[in-house]
Amino acid sequence: MWTKPVPRMNLRRLIVLVAFASALVSLVNTFYASYSVQRQLLIDTTLEANHAYASKLASTAEDFLQSARQQLAYSAGGLPARMGDNAWLTDEAQRLRLQTNSFNSVLIVDAQGKVLGVSPETLALKHRTLDSAGAVQALRERRPLVTQPYMSSAGNLVVFISHPIVGKDGRYLGYVGGSIYLKQKNILYTMLGQHYYRDGSYLYVVDQNRRLLYHPDPERLGEVAGSNDVIDTIIAQQGGGNRRMHNSLGVDMLAGYAVMPSTGWGIVAQRPTAMTLAPLNQLMVNTVWYSLPIALLSLPFIWWLASLISRPLVQLAEGARRMDAPGTAERIAAIRSWYVEAAQIKKALLKGLALLQNKIGKLKTDVETDPLTGLSNRRGMAAALDVWQAQARPFSVIAIDIDHFKQVNDRWGHAVGDDVILRLAQLMRACSRDADVLCRNGGDEFIMLLPDADLDAAMQVAERLRAKVAAAVIPGAGAVTVSLGVVSSSHGARSTDAVLLAADAALYVAKENGRNRVGLAEPA
């Protein structure tokens, strides 16, 4: 069944393909490794920076709360002696509020919860008994206190800081407290809102009830946050740290967080992961674009180098394909094999070609040689005659036949007959020149082709051979004789076949005249 040959890629294209594939794999691997390392470094650096920032803000906010509590404690120390002076108490509340802008409002309350002094007075709370969560908690616990956020009677989201007022006799007289409105301007709001990063980072503050105390979006203040790993960690009071997580809205974030010890509030500084990695992604894109021209410029160089490497192998392959063509060995020898592998292949090809030519020469010799005597056979004789005829080269022919050879075989056997044939071949070589072509025409018939020899020279050779054979004694057969016919190609413009026929005719003449003699053909 015939199958369509599979197309094969040439060496030059293969080298170019391998070079580009290797370069591409190396480039992709380098980019991937570089991107992975820098990506992780950016993430780790951002996580650590956010943690440090959150810790700093937590420490600052904690210092603020401690300062506010100290202000209230100092004021509470001077209040027992003047609890009956409502005007002075109002001035003291005004001083506490305006001195540092720590509080949005300040209250001085007696042990029954009635307001004795208030700032600002626009709140219209003076002489009223408060029932807000912060006021009730301060009266109940009678200790320095920072409340959890709650909604005040005026509708504000409030954190209330208070300090008890205690007389010299240890009697509880009430408390002085300051309210921080989480949705209005104050030192805490300004402290958390002065965010110096411009890289997409933001922060928020959450209490132990998951309520947002600060957030860049004012609409979310007071909102209870949903599922969030960082908030869960803060509520569990596991301290500060950092992690990559998804916020309550499902956005991938890099968060650093810290907990304020006195309140349990958590301050979280975070940045979207996508924003963190955006500069790196752009850097990688720019790097690819900057690398592309260099890669394109290297293409001609790689193509030229591939051609340089493949040229000797291509030429050697072409030589191997045309190994039987004339001049192949010279063409292969002229190939410039400038690297070791090509030189070795070239050497192997030349050696193989030499062996092949020797083999072909041996086969040609075997085909044109008689196996018994080593003389040329009919093919060898025809090849020599074709060459001489093409060259218009004159020659003479001596046709030889062993007299009564059949009787030798019948009487002494074929082994002795072979000895006779071998002995005749030896004597033919002894009587010939190197240029002469000696042939066994078959059986006991032989031919001597003598180039550039005229009829007289051929007659002398024939007579000398006849005499040597007649004088030779062959073991097992004794003496044998030969009959010879001589003809020259110069006697008329005759073809080689005509010359050979004339030699046979001359041989027939010798036999007719009694054998053991040299015969001549009649002139044409």
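The values are calculated or read from the model by the stated rules, or taken from the named source; none is laboratory data. Being a predicted model, the structure only gives us computed values, none of them experimental. Here the Cβ is made from the backbone with ideal geometry for all residues, glycine too, and neighbour counts use every protein chain on show. Heavy atoms of the whole protein, side chains included, go into the accessibility calculation; ligands, DNA and RNA do not. Shrake-Rupley method; radii C 1.70, N 1.55, O 1.52, S 1.80 Å.
A few remarks follow.
- Given their separation in residues at 0.36 nm each and the Cα-Cα distance between them, Trp289 and Asp386 gain 27.5 nm when the chain is fully extended.
- With each label modelled as a point 7 angstrom along the Cα→C-beta vector, the Leu249-Glu512 pair spans 13.1 nm.
- Mean-position separation - Cα centroids, segment 414-441 and segment 311-338, in angstrom: 43
- Percent of alpha-carbon pairs separated by more than 26 Å within segment 204-322: 52
- Unsatisfied cross-links (Cα-Cα over 29 Å) in the set Lys56/Lys183; Lys114/Lys168; Lys126/Lys168; Lys126/Lys185; Lys56/Lys114: Lys56/Lys114
- Virtual paramagnetic centre 7 Å along Cα→Cβ of Arg336, amide N under 16 Å, in segment 289-325: 304-316
- Acute angle (nearest 10 degrees) that the helix 414-430 long axis makes with the longest principal axis of the chain, alpha-carbon atoms: 90
- Here is the size of segment 418-513 from its Cα atoms: Rg then Dmax, 13.5, 45 Å.
- A dipole drawn for segment 412-524 from +1 and -1 charges on Cβ atoms has a positive end, and of Leu507, Val482, Ala415 the residue lying farthest that way is Ala415.
- Protection proxy ranking, highest mean first, for peptides 412-423, 87-98, 20-31: 87-98, 412-423, 20-31, where packing is the per-residue count of other beta-carbon atoms within 10 Å, averaged.
- Taking Cα atoms only, the orientation of helix 11-78 departs from the longest principal axis of the chain by about 10 degrees.
- Residue by residue, segment 162-168 carries 3J(HN,Hα) couplings of 9, 9, x, 9, 10, x, 5 Hz when phi is fed to the Karplus relation 6.51 cos²θ - 1.76 cosθ + 1.60 (θ = phi - 60°); x denotes Gly or Pro.
- Think of segment 272-355 as a dipole: +1 on every Lys or Arg Cβ, -1 on every Asp or Glu Cβ, centred on the Cα centre; then among Ile332, Ile294, Thr273, Ile332 lies furthest on the positive end.
- For segment 252-262, putting each phi into the Karplus relation 6.51 cos²θ - 1.76 cosθ + 1.60 with θ = phi - 60° gives couplings of 5, 10, 10, 10, x, 9, 8, 10, 7, x, 6 Hz, in residue order, rounded to whole numbers and with x for Gly and Pro.
- Derived scalar couplings ³J(HN,Hα) [segment 445-458; Karplus, 6.51 cos²θ - 1.76 cosθ + 1.60; whole Hz; x for Gly, Pro]: 9, 10, 9, 10, 9, 10, x, 6, 10, 7, 5, 5, 4, 5
- Heavy-atom accessible surface of segment 422-524: percent carbon and sulfur, 1.4 Å: 51
- Listed peptides 134-142, 122-130 by packing density, highest first (mean Cβ within 10 Å): 134-142, 122-130
- Near Asn156, no amide H atom lies under 5 Å from its own; only residues 5 or more places off or on other chains count, and H is placed 1.01 Å from N.
- Listed residues Ala317, Ala133, Gly380: farthest to the positive end of the dipole of the chain (Cβ charges): Ala133
- Amide H within-cut-off set for Thr369, under 5 Å, with H built and near neighbours excluded: Asn377
- Among (i) 1.01; (ii) 0.95; (iii) 2.59, the entry that matches Cα Rg over 2.2 N^0.38 Å as calculated here: (iii)
- Under 5 Å between amide hydrogens, built in the peptide plane, is the criterion, and for Thr481 it picks out Asp403 among residues at least 5 positions away or on other chains.
- To put it simply, the accessible area of segment 133-246 at a 1.4 Å probe is 48 percent carbon and sulfur.
- The dipole here belongs to the chain: it is taken about the Cα centre, uses +1 on the Cβ of Lys and Arg and -1 on the Cβ of Asp and Glu, and is about 1180 debye.
- Taking every alpha-carbon pair under 8 Å whose residues sit at least 6 apart, the chain reaches a relative contact order of 10 percent.
- Cβ charges +1 (Lys, Arg) and -1 (Asp, Glu), total dipole of segment 384-511, debye: 240
- Per residue, the accessible area of the chain comes to 54 Å², computed with a 1.4 Å probe over protein heavy atoms only.
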